[in-house]
Structure formats: C-alpha cells, structure tokens
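One structure is given below, encoded as structure tokens.
The values are calculated or read from the model by the stated rules, or taken from the named source; none is laboratory data. For clarity, every value in this text was computed on a predicted model and none was experimentally measured. Positions of Cβ are backbone-derived with ideal geometry, glycine not excepted, and every protein chain shown enters the neighbour counts. With ligands, DNA and RNA removed, areas are computed over all heavy atoms of the protein, side chains included. Shrake-Rupley method; radii C 1.70, N 1.55, O 1.52, S 1.80 Å.
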Amino acid sequence: MITDVHAHLLLPGLHAEVERRAPQQVAEAGALELRRNGAASLAVSGPMVGARVPRLTDVNVRLSEMDRQGVDRQWVSVSPNHFYPWADEDLAVWVAAETNRLVAEHVALAPERLVGLGVVPLQHPDRAVAALEDAVLGHGLAGVEISSFAGDVELSDERLEPFWARAAELGAIVFLHPFGCSLDERLDRYYLANTVGQPAENAVALSHLIFSGVLDRHPALKVVAAHGGGYLPTAIGRSDHAWRVRPDARQCEHEPSSYLRKIWFDTVVHDPMALRHLIENAGASQIVLGSDYPFDMGLDDPVGFLRAAGLPVEIQQRILSRNADALLPTAVRA
C-alpha cells in the first residue's frame, strides 16, 4: 500500500467556535499572520485555500484525489492554522479534545484508507500528556501533530519531558509541522514566510530536539519531520562542527548528524537532488512519502516525484510504503 504521511484536514466548525469563544485573540492572531506573511501573500493564500475546501473537508473528494495520485493510504492531520498556540489553557484543552474527536470521525469514514493524527496543547506542557492519551488511547489515532514551538515553549523545554516519555511508551507518531515563523516581518514578501520560514522552523525545532538530548533520553520516539526536515539535513555538518568545538553545544551524546538516522523525514523537498541528499544523510529507512495535500506548496503527484528521482526500486518501495507502515502502532497498522 502506497502511504502519504502528510495530508491535511480543515475543520471550519471548530474554527467558528474558537472565533465565538475568543474573538479578540482570533483577531490578534490574524494581525500577526498578516504581519508575518504580508498582504500580497494572504491575497493569494485566501482564494487558494477557499478553492480547496472540498478536498480539505469532504472524505469522498479526498478518496477520489488519492485514487488520482495513486495513493492507497493517507495519514490525516489538521491544517496547522488549527494549532491556536495563543489559546489559554481552558480553550487549548477544549480545542485538542475537539480536534482529536473530529479527526477520528473523519478517518472513520474510510478506516481502511485513512489514519488520523491528533493534536496537543503544546503551549501548556502540563496538559500535553492527557491530550496525547486522548488522541491515541481515547480515539485510536496513530499519534499527534505538533508545531515547531508554541509561545515560550521550545521542543527542548524540560516541561515537555513527560510528553516525550509517554509518546515513546505508546509508540505514538509525533508529526512535526511548523505553522508560521518567528522571523516575522523579515519574511513578509515574496511568500518568504513559507519558502524560507517553514524550512527554517523545521531546522530550529529539530536542533532543539537533538542538541538538548531529547532523542538520547527517549530513543524510542517516532518523530516525523515535514518538508524533509527543512534546512537541517543539508547543513548538518555545521552542527557537527559546533558539537566538536563548543562545550555549550555538546549536551547530546553523539554528533548531531547521527540523530538524522533516528528521525523520519517526508519527501516534500521539491527537488530530486535534495531528496537524494536527504536519503544519503538520513538513510533510506528514514524517508516516508509526503504530499502536503492539498495545498499549493505540496506535491500534486507525490508518487511521480519519487519515481522521477532515479532511486533504486528497493528504496522506492521502502519510501512508498514499508517505512510508514513500520512506524504505525500495532493497533493502527492492522
């Protein structure tokens, strides 16, 4: 079965309720998005998302599109605009519970073809374990999707240690997908907020995981990075050099490059050479097919992109299906 691990779901009803409960905060978040992206980019993104609403919400349209792409199974995660990293504790806990429920309902409409990922209130680390258990144990989801940071919470934050421990214990997938970039106005034109911002956020978040020793303390963690891990795999030599010469960069046990073989990366890199380089650095066992369905920055033909990269057939087969299947918790894999 060909599996796409990076496909999104939009929840208009949930967002409407968030707007009702926190209108001022939603307005402030919209102003931040405008500042980060710029008016020109938002003028393009709005109609683009609007035209794709059926693909983001209707399971029959989703299945038809999967057939067109030659994809047998999708891992479905919400569009990152549903992270709401600004939400207070009560609202954030409600959002996580409601999101987990709605994702589970969506994938239950085609359980043989869809696998769900929930969310946790990352900005409130003390509530993350309960939300993870709600997703995996309460709703049968394969894991959760998280952003690269939330408020003052970086992925190296000590308050997240119970979350990482429980995710490893459950065998839950943690899908790292940034939303926005803290560089703000520096990226507010030419769509740099996405083209530069997303890869930068991936690199920063993964570096927090690596350099802080999270992956040493929790070796069973299943972290899957969107967008091929961003800039980190291509510039990992600089991280290795820092680890060798700087004592403040040596809180992890091994050279940073070694941890690329303990993380999984999707194929949304847009360049066959970049994909081959990613495989060389991380290993063929760590690469999984992704599309970023159905957004314009994704791969409309993820299978065709992989097949055109000139990889050996055995490596293609691992990326198309076997690597992703092996990641799934046993109860979901069946």
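Is there any pair with a first residue in segment 159-175 that is closer than 18 Å to Gly213 by Cβ and open to solvent by 10 Å² or more (accessible area, probe 1.4 Å) and a second that is among the acidic types (Asp, Glu) and part of a loop (DSSP other than H, G, I, E, B) whose Cβ atoms are under 9 Å apart and which are 6 or more apart or on different chains, and what are they?
Here the result reads none, with nothing in segment 159-175 linked to a residue that is among the acidic types (Asp, Glu) and part of a loop (DSSP other than H, G, I, E, B).
Being within 30 Å of Gly304 (Cβ to Cβ) and assigned to a strand (DSSP E or B): is that true of Leu117 here? Please lay out each step first, then the result.
On the way: within 30 Å of Gly304 (Cβ to Cβ): yes; assigned to a strand (DSSP E or B): yes.
Answer is yes for this residue.
Determine which member of the set Phe175, Phe179, Phe163 is closer than 23 Å to Phe295 by Cα, not in a loop (DSSP other than H, G, I, E, B) and not acidic (Asp, Glu). Spell out the reasoning first.
Working: Phe179 fails: not in a loop (DSSP other than H, G, I, E, B); Phe163 fails: closer than 23 Å to Phe295 by Cα.
Only one candidate qualifies: Phe175.
Can you spot a residue in segment 1-16 that is in a loop (DSSP other than H, G, I, E, B), open to solvent by 10 Å² or more (accessible area, probe 1.4 Å) and under 29 Å from Leu155 (Cβ atoms)? Give the steps one after another, and end with the answer.
Residues of segment 1-16 in a loop (DSSP other than H, G, I, E, B): 1-2, 10-11.
With the extra rule that they be open to solvent by 10 Å² or more (accessible area, probe 1.4 Å), the set shrinks to 1-2, 10-11.
Still in the list and also under 29 Å from Leu155 (Cβ atoms): 10-11.
Taking every residue of segment 1-16 in turn, at least one turns out to be in a loop (DSSP other than H, G, I, E, B), open to solvent by 10 Å² or more (accessible area, probe 1.4 Å) and under 29 Å from Leu155 (Cβ atoms).
Output the number of residues of segment 276-334 satisfying the condition of being farther than 15 Å from Gln74 by Cβ, part of a helix (DSSP H, G or I) and among the hydrophobic types (A, V, I, L, M, F, W, C).
Residues meeting the conditions: 11.
Can you find a residue in segment 257-271 that is farther than 27 Å from Leu328 by Cβ and either free of Cβ contacts under 8 Å to residues at least 12 places away in the same chain or in a loop (DSSP other than H, G, I, E, B) (or both)?
yes
Every residue in segment 305-334 that is without any contact (Cβ under 8 Å) to a residue 60 or more places away in the chain and under 30 Å from Gly50 (Cα atoms), please. Spell out how you get there, then give the answer.
Start the filter on segment 305-334 by keeping residues that are without any contact (Cβ under 8 Å) to a residue 60 or more places away in the chain, which leaves 305-319, 322-323, 326, 333-334.
The answer is Phe305, Leu306.
Taking Gly228 as the residue in question, decide whether it is of a type in the set (Gly, Ala, Ser), open to solvent by less than 10 Å² (accessible area, probe 1.4 Å) and part of a helix (DSSP H, G or I).
Numbers: of a type in the set (Gly, Ala, Ser): yes; open to solvent by less than 10 Å² (accessible area, probe 1.4 Å): yes; part of a helix (DSSP H, G or I): yes.
Yes, satisfied.
Does segment 86-112 hold any residues that are open to solvent by 10 Å² or more (accessible area, probe 1.4 Å) and closer than 28 Å to Pro302 by Cβ, and which are they?
Let us first name the residues in segment 86-112 that are open to solvent by 10 Å² or more (accessible area, probe 1.4 Å), namely 86, 88-91, 93-94, 97-98, 101-102, 104-109, 111-112.
Once the filter is applied, which keeps residues that are open to solvent by 10 Å² or more (accessible area, probe 1.4 Å) and closer than 28 Å to Pro302 by Cβ, segment 86-112 yields Leu102, Ala104, Glu105, His106, Val107, Ala108, Leu109, Pro111, Glu112.
Looking at segment 184-204, which of the residues that are free of Cβ contacts under 8 Å to residues at least 40 places away in the same chain and among the hydrophobic types (A, V, I, L, M, F, W, C) is surrounded by the most Cβ atoms within 10 Å (Cβ to Cβ)?
Ala203
So for segment 105-113 (the condition being under 17 Å from the mean Cα position of the chain (by Cα) and modelled with pLDDT of 95 or more), does at least one residue qualify?
Our first condition is that a residue be under 17 Å from the mean Cα position of the chain (by Cα); within segment 105-113, this holds for none.
No, that holds for no residue.
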